[in-house]
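In what follows, a single structure is set out as structure tokens and then discussed.
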Amino acid sequence: MPHQAGKPDWTGGNPGLNPGNGGGGGQPTGAGTKKGELFGDQLVLYRDLDPTGGGGNGEPILDPYNDEGQPIAIGYDPDGLVQPGALDSLFPIYFTEVAEGDYEIDPLLLPFVQDVELERANVARAPEKVAEKALDAALTNVLTADEIKTDPAGRIMYSQDGGETFTTIDAPLENLALYQYLMTNSNGSTGAWPDVTENWDDVFKSLLGEGGLTDPDWDPSSLLAAAWSKSGEITLDAMIYENTTLGVNKVTGSGETLNIDYFDFSDPTGELYDYDRAGTYSDTWLRWVVIEDGAPVFAYGTVFDAVFDEVDWEDVTLSIQQNDPGPEDDEFIYVAATTSGVNDFAQSADDARAVIEFMHTFSAVEIDAGEVPVDALAIIG
């Protein structure tokens with residue numbers, strides 16, 4: 001059974017839980033299609049992250065060994081049962097034909113299939129009126145505010161007393177409703193970044209205007225993060241499934257006519273959405289509480305240092321290396337995904353989630369750099 005070749009330094013998660021497919025060596029067989037299938041089980045799938053052929057936005061890559069349009073699951077073998085001694089082993093799992101036109105995963109491989117956990121983000125499946133009520137509540141607070149800003153994770157904060165005090169919109173359902181609103185309210189846009197941001201309606205431009213949330217480069221990935229469980233990783237697959245549920249990825253038809261039009265974070269020229277962790281978090285300072293010698297004291301640092309230990313994320317993904325004599329010998333390798341924006345967006349959302357978790361765990365608050373004591377700067381430096 002194939003095994004994983006190479007393992008990059010992933011920050012804050014298992015390398016097997018943020019897979020996709022990237023470029024390097026041309027468009028894979030079956031990639032670039034806008035079609036897909038909805039499954040009762042949401043599995044970690046081998047996905048297209050190469051935009052040169054017209055896809056590259058996370059569409060499932062279909063099995064090259066048959067023409068029945070079957071996806072490829074990403075197997076995870078943490079105990080070395082398939083590949084003894086290969087900790088964190090990843091391998092492709094192909095569907096097998098059990099009857100004419102009927103495919104399933106080999107029962108022996110079912111223990112190694114990865115299910116995607118959405119946890120509290122499953123609230124996206126709530127009745128539409130629930131989301132509408134949450135959106136109304138959030139917009140009422142935002143649009144009646146006299147000042148708007150964001151917290152270190154990018155969550156919206158509003159003041160209704162001239163900036164004396166600020167309240168953070170932290171309710172998961174309100175953030176999810178705002179996320180859906182911004183990502184789907186595009187006034188006829190085909191569903192692409194940055195076209196969607198340029199076509200947000202006039203109601204929300206009062207929030208996003210000069211001096212608002214576009215300074216610095218704010219985007220709704222922080223809203224998705226705020227809707228997630230603080231300790232639950234936002235993987236590429238999880239973000240894509242959530243976008244499909246919310247209508248960010250547009251679903252039409254059913255059965256054999258089912259079609260999923262994936263939101264364009266990339267186009268054939270490359271990334272439409274580009275995330276830079278260091279650039280996003282290096283200039284935002286935090287103060288938080290730690291215990292030293294049994295007493296609480298303040299600690300200081302940038303978000304990039306405090307949350308991410310000044311380690312940037314690696315813009316890589318998985319690619320299948322086909323080996324002779326056949327599928328049972330195929331293996332995953334890591335390749336660059338620097339032309340794909342969909343994994344950038346997923347990473348941006350998960351990083352914002354990690355910042356929220358840090359702030360909650362350590363009672364961290366944002367401060368100006370000038371508020372950092374000189375002796376603390378000496379230690380940090």
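Where a number appears in this text, it was derived from the coordinates with a stated rule and is not lab data. This one's a predicted model, so the numbers in the text were calculated from it and none came from an experiment. Counting neighbours? That spans all protein chains shown, and the Cβs are built from the backbone with ideal geometry, glycine included.
Report the FRET efficiency, 1/(1 + (r/R0)^6), for residue 136 and residue 66, where r is their Cβ-Cβ distance and R0 is 41 Å, rounded to 0.05.
0.25
Quote the FRET efficiency, to the nearest 0.05, computed for residue 256 versus residue 297 with a Förster distance R0 of 56 Å and r equal to the Cβ-Cβ distance.
The calculated FRET efficiency here is 0.30.
Going 7 Å from the Cα of residue 363 in the Cα-to-Cβ direction, what parts of segment 275-301 have a backbone nitrogen less than 13 Å from that spot?
287-292, 295-299
Once phi is turned into θ = phi - 60°, what whole-Hz ³J(HN,Hα) does the Karplus curve with 6.51, -1.76 and 1.60 give for every residue of segment 290-300, x standing for Gly and Pro?
The phi angles translate into 10, 9, 10, 6, x, 10, x, 9, 7, 10, 9 Hz.
Expressed in nm to one decimal, what extension gain is obtained for the pair residue 122 and residue 310 from 0.36 nm per residue of sequence separation less their Cα-Cα distance?
Length difference between fully extended and current span is 64.5 nm.
Using the Karplus curve 6.51 cos²θ - 1.76 cosθ + 1.60 with θ = phi - 60°, work out ³J(HN,Hα) for each residue of segment 176-182 in order, rounded to whole Hz, and write x for Gly and Pro.
5, 5, 5, 4, 4, 4, 6
Under 5 Å between amide H atoms, partner at least 5 residues away or on a different chain: which partners does residue 192 have, H built in plane at 1.01 Å?
Sorted by chain and number, the residues that satisfy this are 264.
Near the amide H of residue 249, under 5 Å away, which other amide H atoms are found, from residues 5 or more places off or on another chain, if H is placed in the peptide plane?
244, 263
Once label points are set 7 Å from the Cα along Cα→Cβ at both residue 144 and residue 171, what is their separation, rounded to one decimal in nm?
Result for the modelled spin labels: 1.3 nm.
Per-residue HN-Hα couplings for segment 143-159, Karplus 6.51 cos²θ - 1.76 cosθ + 1.60 at θ = phi - 60°, whole Hz, x for Gly and Pro?
7, 9, 6, 9, 7, 10, 8, 10, 8, x, 8, x, 6, 6, 10, 9, 10
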